[in-house]
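Peer 1: I'd like to ask you about the structure that follows.
The values are calculated or read from the model by the stated rules, or taken from the named source; none is laboratory data. Since we're looking at a predicted model, the values are computed, not measured. With ideal geometry, Cβ positions are generated from the backbone for all residues, glycine too; neighbour counts draw on all protein chains shown. Ligands, DNA and RNA are stripped out before the accessible areas are found, and what is left, the full protein with its side chains, is counted by its heavy atoms. Shrake-Rupley method; radii C 1.70, N 1.55, O 1.52, S 1.80 Å.
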Amino acid sequence: MDMELEQKQAEIIDELVRRASTCKGEALLPIIIEATSHPSLFAFSEILALPNVAQLEGSTHSVYVDVLRLFAHGTWGDYKCTNHLLMFRQYSSSLPATLSYFVFGLLGNASRIPQLSPDQILKLKQLTVLTLAESNKVLPYDTLMAELDVTNVRELEDFLINDCMYAGIVRGKLDQLKRCFEVPFAAGRDLRPGQLGNMLHTLSNWLNTSENLLGSIQDKIKWADNMSEIDKKHRMEAEEGVEEVKKSLSMKVSDRLGGLRASLFPPTNYIMTSYPPPYVWSDLVSYLHSGQGDIDSRGHKEMFGEPSGVMDYEEDRIRPKR
C-alpha cells in the first residue's frame, strides 16, 4: 500500500472513530456498515476497540460486532463457513474439529451474520487475498478460485487486476502459463488475537539470529584484517627477495662482462711489452758505433743510400758484383 493510500485510509479511520465515539447502541450500526463497505478502508481494529462498540456485546445488535470482527480478521470462507455451521448446529450439537479460532469465536453468537451487501462482499474478498498473501507469495489460481467463489480464470484475473492491484492493496504478476498470481507485496491486515505474541516471538528469533550473524561477520572481518596483514608481510618479504636476486644477478652479469671485455681488449701495458724494451735499442746503437757493425752498416747504407730507394738500370749494370 503506497503512502497516499495509507494517508487516505488514516484520514477515513480518524473520521469514523470520531463519529463512532459520539454514538451509542443502534446509532453505531450505520457507521459499522459504512466502515465495512468503504472502498478505501481495510483496517477496523480502531473502531472495534472503541468502548461504546464493545458495549454492543450481549445486546440485540451484537451481531454487528461480529461483522466488524469478520472484516478485521476473517475471510470470505469464514463468512460462508460460519453461516453454514450455524444452520448445521440447529440439527446437530456436534461440530467439526477442524475449525479456525475465528469461526469458533463467531459461533458464540447464536444469530447469523446478516446478509452482506455487494460492496461488503467485494471488500471481504479483497481482504481474503491479503490473508492468503501473508503466508504465500505465489498463489495458485485454483486456490484463489476456491477461496473467492470464482468460477473461471477470466473473472479471477479481472478481480485481481481491477479490484486488488488497481486498488493498491497488492502488487503482483499474473502468470497464465503456470496459473498463479505472484505477490511480492501485500498490505497488512489487523492483528488477530494471539498474533501479536507470535510476531514478538518471531521478531525475537530474528533479533537473535541477526546478533549471531553480526558476530560472525565481525569475526570474518577480523580474520580478513589478519590475513591482510600476513599477506602484506609476505608480499614485502617476496619483494625483498626479488631485489636481492636482482642485485645478485646484476653482479654476476657485471663480472661476466668484465671478463669478456678483458679477453677481447687486452690492457695497453700488455701490448707494449711485445716490443723490445728501451735498453735493447741503446745496446744496438753502442754496437754500431764500435765498428763491429760497419759491414752491416755499410750494407745498410748501400741498401738505403738512395733517398728515393730506387736505382737506375745503368748504375746497377756497371756495379761490380761481389
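Peer 1: On full extension of the chain, what length is gained from M3 through E157, given 0.36 nm per residue of separation minus the C-alpha to C-alpha distance? Before the final figure, lay out each step's value.
Peer 2: Working: separation 154, 0.36 × 154 = 55.44 nm, distance 2.54 nm.
This chain segment gains 52.9 nm when fully extended.
Peer 1: Show me, for segment 74-81, the HN-Hα J-couplings you get by feeding each phi into the Karplus relation (A = 6.51, B = -1.76, C = 1.60, θ = phi - 60°), rounded to Hz, glycine and proline as x.
Peer 2: Along segment 74-81, the couplings run x, 9, 4, x, 5, 4, 5, 5 Hz.
Peer 1: Now for a different question. Give me the number: length gained by fully extending D175 to S40, i.e. 0.36 nm times residue separation minus the C-alpha to C-alpha distance, one decimal in nm. Could you put the intermediate results ahead of the total?
Peer 2: On the way: separation 135, 0.36 × 135 = 48.60 nm, distance 2.69 nm.
Residue separation times 0.36 nm, minus the Cα-Cα distance, leaves 45.9 nm.
Peer 1: Right, here's the next one. Taking amide H atoms as placed 1.01 Å from N in the peptide plane, list the residues 5 or more away in sequence, or in a different chain, whose amide H sits under 5 Å from that of F44.
Peer 2: Hits under the 5 Å cutoff: D190.
Peer 1: Let me ask something additional. Counting only residues 5 or more places away or on other chains, whose amide H sits under 5 Å from the amide H of V138 once H atoms are built in the peptide plane?
Peer 2: Result for V138 returns V183.
Peer 1: What shape does segment 28-82 have by the C-alpha gyration tensor, where a ≥ b ≥ c are the square roots of the eigenvalues, rounded means a/c under 1.5, and otherwise prolate means a/b greater than b/c and oblate the rest?
Peer 2: Details: a/c = 1.77, a/b = 1.18, b/c = 1.49.
Oblate.
Peer 1: Quote the FRET efficiency, to the nearest 0.05, computed for F185 versus R19 with a Förster distance R0 of 22 Å and r equal to the Cβ-Cβ distance.
Peer 2: Numbers: r = 32 Å, r/R0 = 1.43.
Computed FRET efficiency for F185 and R19: 0.10.
Peer 1: Now, a different point. Once both labels are modelled 7 Å past Cα along the beta-carbon direction, what's the V245-S62 spacing in nm?
Peer 2: 9.3 nm
Peer 1: What FRET efficiency comes out for I217 versus A146 if R0 is 51 angstrom and r is the Cβ-Cβ distance? Round to the nearest 0.05. Numbers along the way, then the final one.
Peer 2: Numbers: r = 45 Å, r/R0 = 0.88.
Using R0 = 51 Å, I get an efficiency of 0.70.
Peer 1: Further question: Leaving out ligands and nucleic acids, note down the accessible area per residue over segment 1-53 with a 1.4 angstrom probe, in whole Å².
Peer 2: Spelled out: the 1.4 Å probe surface of segment 1-53, per residue, equals 53 Å².
Peer 1: Listed highest first by mean packing, meaning other Cβ atoms within 10 Å per residue, what order do 233-246, 38-51 come in?
Peer 2: Working: 233-246: 10.0, 38-51: 16.8.
In descending order of packing, they fall as 38-51, 233-246.
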